[in-house]
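Enquirer: Sharing a structure with you now.
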Amino acid sequence: MKALSLFIILFHLSSPLWCMGEDSLHLTLHQQAEVKGKTIHLRDIAEISPQGEKADRLGNFEIALAPQPGQSKELLSKSVLKRLNTRATEPLQVDEPIPSKIKVTRQGTIITADRLKDMLASFLKDHMTELPSAQIRISSFKPPENFTLPLGKVECEIIPSNGDIIQSSSFSFLFSIDGSVVKNLSVPTILEAVGEVATAASTIRRGEIIRPEHITMSLHDLSRIRSPLPSPDALVGMRAKKTISRGRVLEARWLESPPLINKGGVVKIIASKGTLFLSTLGIALTDGKMGEMIRVENINSNKLLFCRVTSRDTVNVEF
């Protein structure tokens, strides 16, 4: 009698679709349910019988928006039935017991701090060719609390905050699900890269040319050095732009290539036009490196010329 009374009330309060008969579908509401997508459908929160085309069609009915991945929301059964009663196109019988509320939880993929750190470690491994020859480790990593992504194929693009990876102070994690970006977060990070670098074996004065005896190799954290030079081969013959004290790392920013031509030196001037070449001597009025334009005074004519440095003590001018 209780079930019959319920349907009599529904019948009088709403449409004549709520009725009992041989062709009626039976609806049993669940007290708890889980969903995967963004929308809660009737099939997610109820069992519909008998199975068939009518049940499938009714099961596709949209009840409400789903909660965020990993979260839950409660639906009032009364509101669900009221909404359904205004839209249903099939005779429907709701079976007892009817829960007052339905708790709906949305499934998702949990991303933990350990998983984020493993992703970063894989990123560093994949970019070994861009990193210096050193023992690299993650010395500090401050990820957020665990979070949940929607279900689907998880992909993550990692972007360092600095073009020089080991100099980066954070890494951005750009998460996509089935090709669509769903989350972007930045994680403060400190990397440590211990390796051998060239160090001043003795104090090197400003303007001094680097010789082999000036260089020794020692272990340093490369992440704290702006422009380390791991090989001494390229250093010999360079000129110090500043005084470098004993024990300091020889950084590229403190060194420069010495000029091929020195101010006041005699240079050979090559003048060319098509297949015609002429040469004379001149006095360099400034220092000059390969490819630079410098002023040169022609010894014979005392004329000032703008010439390009092409080799040691040789410049070229077009006429």
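Any read-out appearing in this document is the output of simple, stated calculations on the displayed coordinates, not a laboratory observation. Computed from a predicted structure; not experimentally measured. Don't worry about glycine lacking a Cβ; one is built from the backbone with ideal geometry, like all the others, and counts go over all protein chains shown.
Enquirer: Can you give me the Rg/Rh ratio for the stretch 266-318, using Cα atoms for both radii and the Kirkwood formula for Rh?
Expert: Result for the stretch 266-318 is an Rg/Rh of 0.93.
Enquirer: Cα-based Rg of the chain per 2.2 N^0.38 Å, rounded to two decimals?
Expert: Working it through for the chain, the quotient is 1.98.
Enquirer: Going through the cross-link list LYS36/LYS117; LYS78/LYS183; LYS242/LYS268; LYS36/LYS183; LYS242/LYS263; LYS101/LYS153, which pairs have a Cα-Cα distance over 29 Å in this structure?
Expert: From the list (LYS36/LYS117; LYS78/LYS183; LYS242/LYS268; LYS36/LYS183; LYS242/LYS263; LYS101/LYS153), the Cα-Cα distance tops 29 Å for LYS78/LYS183; LYS242/LYS268; LYS101/LYS153.
Enquirer: Only bridges with both residues in the stretch 266-318 count here: give the DSSP antiparallel percent, nearest 5.
Expert: Bridges in the stretch 266-318 that DSSP calls antiparallel: roughly 80 percent.
Enquirer: Restricting to Cα atoms and excluding each atom paired with itself, what does the Kirkwood estimate give for the stretch 80-150 in Å?
Expert: The Cα-based Kirkwood calculation yields 17.8 Å.
Enquirer: While we're on this one: Nearest 500 deg cm²/dmol is fine: what mean residue ellipticity at 222 nm does the chain get from its DSSP H runs of n ≥ 4 alone, each adding -39,500 (n - 2.57), divided by its residue count?
Expert: -4500 deg cm²/dmol
Enquirer: May I ask for the distance between the Cα centers of the stretch 48-105 and the stretch 250-319, given as a whole number of Å?
Expert: One Cα centre to the other: 87 Å.
Enquirer: Could you give P(r) for the stretch 159-254, binned at 10 Å from zero, as whole percent values over all Cα-Cα pairs?
Expert: Reading upward from the zero bin: 16, 36, 21, 14, 9, 5.
Enquirer: Only bridges with both residues in the chain count here: give the DSSP antiparallel percent, nearest 5.
Expert: Expressed as a percentage, antiparallel bridges in the chain total about 85.
Enquirer: Give me the net charge of SER186's neighbourhood, meaning all other residues with Cβ under 14 Å from the Cβ of SER186; Lys, Arg count +1, Asp, Glu -1. Present the calculation step by step, with values, prior to reporting the outcome.
Expert: Working: positive: LYS142, LYS183; negative: GLU157.
Neighbourhood net charge equals +1.
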